[in-house]
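Chemist: Please read through the structure below; I'll follow up with questions.
The values are calculated or read from the model by the stated rules, or taken from the named source; none is laboratory data. Values in this document were obtained by computation on a predicted structure and should not be read as measured data. Here the Cβ positions follow ideal geometry from the backbone for every residue, glycine too, while neighbour counts run over all protein chains shown. SASA here: full protein model, heavy atoms, side chains in, ligands and nucleic acids out. Shrake-Rupley method; radii C 1.70, N 1.55, O 1.52, S 1.80 Å.
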Amino acid sequence: MTEGSAAGAHADKELLAVHALEAGYGKIGVLHGVTLRVAAGEVVALLGPNGAGKTTLLRTLSGLLPRTAGEVRFDGRDMRDAGPREAARAGLVHVVEGHRVFTQISVNDNLLLAGYDLPRGERAARVDEALSFFPEIAAKRLDRGGALSGGQQQMLAVAQGLVRRPRLLMLDEPSAGLSPVLVDRVLDVVTRLRAQGTAVLLVEQLIDKALAVSDRVYALAQGQVVLSASAAETDLHHRLERAYFGA
Amino acid sequence: MILGQVVLNGFLVGAVYALFSSGLTLIWGMMNVVNFAHGDFVMIAMYVAFVVFTALHLGPAVFVPLAAVLLFLLGVLVYFSLVRHVMRGPMLAQILGTFGLALVLRYATLWVFSANFVSLPDNLLGPVVTVAGLRLEPSRVVAGLAALTLTIGLHLLLTRTALGSRLLAVAEDRNAAMLVGIRPDPMQALAWGIGAACTGVAGALIALFFYISPTVGESLALIAFVVVCLGGFGSVPGALVAGLLIGVIESLSAFWIGPANKDVVVFILFLAVLWFRPQGLLGKA
Ligand SMILES: Nc1ncnc2c1ncn2[C@@H]1O[C@H](COP(=O)(O)OP(=O)(O)OP(=O)(O)O)[C@@H](O)[C@H]1O
Ligand SMILES: [Mg+2]
């Protein structure tokens, strides 16, 4: 897939624009001037070595962490004062790492919770819609979240994100800890989302699998974007390696 | 038959223990903050009952709901004015924060009401009836059954309603809850309100047959901590079972070795549980 090919009409409409973003934990700076963009309907892979700041970037974009400098615009709107609630409502949805679901309540309640502020009928429809991506957990609607396997929990976590009908879905290492078959199942959803015009920002360690479903790729190292390329470019592996080590 | 009587009385008191302990376990489970003033909340509710009865001559139909509302408000107030701030501080600040609150409540009560023990009339809800050889004191029976019902109600609120899902979600993972758009602050304030309302109802009910004094909260707090440890932190069903168990054990030990020693028995039990099952009798390892 080359940049913007199948994303059709939305292709060049800017959805997320991040400029010179800085953020961190307390006094420790982690992101040092990150600039990147995601167009409507495109899938962008965000790669980088451990500790590069990928998770920190997603947490800052979704409003879990305050930014110290820089600008984030989502769908033309300045997200300066947006917390997680506002981000989610605007359609900027973050699925955190580690197949994080609510273990004490049922699968169904997990999904209802993700859309708790929607009108009742709408909410039920959204839950069914999200479950249509994952028949294997639709069969377990009444089980507790904690009773699911790791792979099923990851699907539930993604499905929770889908209940919000995101315009940009940010997935943090959805493949972590999953068997190869399940990795393909989860990444297959990314392709389906792309086909329906939902943009995805995908943080992954499995470089080849991530590139296979993406339009473009950014690499982050030590809190800075060190590479920006089309996912179809040849020799990406080599370039990524060099970018990671600052050669 | 006398043993049956002892067990029955223990069970009825135990239901009240279960109710106020559920409040403590809810607050604990929601935000890992220990409310050291919990016993004193119960004490305040007992004085609400006492004042309403002596000054206004109104019975439990008025003072129980009133205590629930007042303590709910106290819980929310304490959350916003104290807990929210000390939660960001070190562990010691959290402990001293609610411990200090306990002292303030205790000494304020002492100042207003003096250290004298007071009580409500024995037969406020009517005379004792004897059924199949068991003496049923209406005040104990009403208190026990009402507390049992409300504790089960609290469990259902948490597990069967959308509001309960939101509370449990914040309890389990604040960040994940925020990402689905839930604001943790109102949920945590609500948990304090509900937790304190549990002490409100329990205190007003237990006032029907307990002596009331500014220091009564000390032994009630001990009971609440033991119940929460036994039942597993954050578990309302655990608190229910453990509350009933403690009520019965306490009643039996008062019967066998004398009322003066019942707190000691409860505390030894507490240490034994910490020693052998630190996760609680019903808690998961
Ligand atoms: N809660 C935290 N408090 C302080 N520092 C943190 C915290 N979380 C992460 N960091 C630091 O921030 C830096 C970036 O971490 P981050 O988790 O964003 O990296 P990452 O790219 O997601 O790595 P990984 O591939 O291992 O998930 C690391 O140096 C890490 O030690
Ligand atoms: Mg990470």
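Chemist: Relative to 2.2 N^0.38 Å, what does the C-alpha radius of gyration of chain A come to as a ratio? Two decimals please.
Modeler: On the way: Rg = 17.4 Å, N = 247, 2.2 N^0.38 = 17.9 Å.
Computed over Cα atoms of chain A, the ratio equals 0.97.
Chemist: Once phi is turned into ³J(HN,Hα) by the Karplus curve 6.51 cos²θ - 1.76 cosθ + 1.60 with θ = phi - 60°, what whole-Hz value does each residue of region A:121-135 show in order, with x for glycine and proline?
Modeler: Along region A:121-135, the couplings run x, 4, 4, 4, 5, 5, 5, 4, 4, 5, 5, 5, 6, 10, x Hz.
Chemist: Give the Kirkwood hydrodynamic radius (Å, one decimal) of region B:174-224, defined as one over the mean of 1/r across all pairs of different Cα atoms.
Modeler: 13.3 Å
Chemist: Related question: Accessible area drop of at least 40 Å² (1.4 Å probe, protein heavy atoms): which residues of region A:56-80 qualify, relative to the chain alone?
Modeler: A:L64
Chemist: So what's region B:2-276 giving for Rg/Rh, alpha carbon basis, Kirkwood Rh from the mean inverse pair distance?
Modeler: 0.97
Chemist: In addition: If I compute solvent accessible area with a 1.4 Å probe over the protein chains, what percent of it on the protein assembly as shown is carbon and sulfur?
Modeler: Its accessible area is 62 percent carbon and sulfur atoms.
Chemist: Among B:L244, B:S114, B:L70, which residue has its Cα positioned farthest towards the positive end of the charge dipole of the protein assembly as shown, with +1 placed on the Cβ of Lys and Arg, -1 on the Cβ of Asp and Glu, and the dipole taken about the Cα centre?
Modeler: B:S114
Chemist: Report the local net charge at B:D173: Lys and Arg +1, Asp and Glu -1, summed over other residues whose C-beta lies under 14 Å from its C-beta.
Modeler: Summing Lys/Arg as +1 and Asp/Glu as -1 gives +2.
Chemist: For region B:17-76, what D do you get in µm² per second when you plug the Kirkwood radius from alpha-carbon pairs into Stokes-Einstein at 25 °C and 0.890 mPa s?
Modeler: For these conditions, the coefficient is 200 µm²/s.
Chemist: Still on this model: Hey, can you grab everything whose amide H is under 5 Å from the amide H of A:L220? Only 5+ residues off in sequence or another chain; H modelled, so Pro and N-termini drop out.
Modeler: A:L47, A:G48, A:V226
Chemist: Quick one: Debye curve from the C-alpha atoms of region B:40-179, no solvent, what's log10 I(q)/I(0) at q = 0.11, 0.13 Å⁻¹?
Modeler: -0.63, -0.84
Chemist: Set the Förster distance to 45 Å, then compute FRET efficiency between B:D263 and A:D78 from the Cβ-Cβ distance, nearest 0.05.
Modeler: For R0 = 45 Å, the calculated efficiency reads 0.15.
Chemist: Compute the orientation-averaged projected area for region A:189-236 from the convex hull of its Cα atoms and round it to one decimal in nm².
Modeler: The Cα convex hull of region A:189-236, projected and averaged over all directions, gives 3.7 nm².
Chemist: While we're looking at this one, here's another question. Please state the charge dipole magnitude for the protein assembly as shown, taken about the Cα centre, from unit charges on C-beta atoms (+1 on K and R, -1 on D and E), reported in debye and rounded to the nearest 20. Intermediate values should be presented prior to the final figure.
Modeler: Details: 40 positive and 37 negative charges, 91 e Å.
Dipole magnitude for the protein assembly as shown comes out near 440 debye.
Chemist: Can you pull the semi-axes for region A:10-110, root of five times each eigenvalue of the Cα gyration tensor, sorted largest first, whole Å?
Modeler: Whole-Å semi-axes of the equivalent ellipsoid: 22, 19, 14.
Chemist: Now for a different question. How high is the relative contact order of chain B, given as a whole-number percent (alpha carbon pairs under 8 Å, six or more residues apart)?
Modeler: Averaging sequence separation for qualifying contacts and normalising by length gives 39 percent for chain B.
Chemist: What value, in deg cm²/dmol to 500, does the helix sum -39500 (n - 2.57) over DSSP H runs of n ≥ 4 give at 222 nm once divided by the residues of chain A?
Modeler: The helix contribution divided over chain A gives -10000 deg cm²/dmol.
Chemist: Per residue of B:178-189, what is the mean number of Cβ atoms on other protein chains within 10 angstrom of that residue's Cβ? Could you put the intermediate results ahead of the total?
Modeler: On the way: counts 9, 17, 17, 15, 7, 3, 1, 0, 0, 0, 0, 0.
Neighbouring Cβ atoms belonging to other protein chains average 6 per residue here.
Chemist: Right, here's the next one. Across the protein assembly as shown, what fraction of all alpha-carbon pairs, as a whole percent, falls in each successive 10 Å bin from zero upward?
Modeler: Per 10 Å bin, starting at 0, the Cα pair percentages come out as 4, 17, 23, 19, 14, 12, 7, 3, 1, 0.
Chemist: Now for a separate question. Step through the table entries A:K140/A:K209; A:K13/A:K54; A:K27/A:K209, compare each Cα-Cα distance with 26 Å, and write down the pairs that go over it.
Modeler: On the way: A:K140/A:K209 28 Å; A:K13/A:K54 24 Å; A:K27/A:K209 36 Å.
Violating the 26 Å Cα-Cα cut-off are A:K140/A:K209; A:K27/A:K209.
Chemist: Please give the residues from region A:90-125 for which the solvent-accessible area of heavy atoms, probe 1.4 Å, is smaller by at least 50 Å² with all protein chains in place than with the chain isolated.
Modeler: Listed in order, they are A:R100, A:F102, A:Q104, A:L113, A:Y116.
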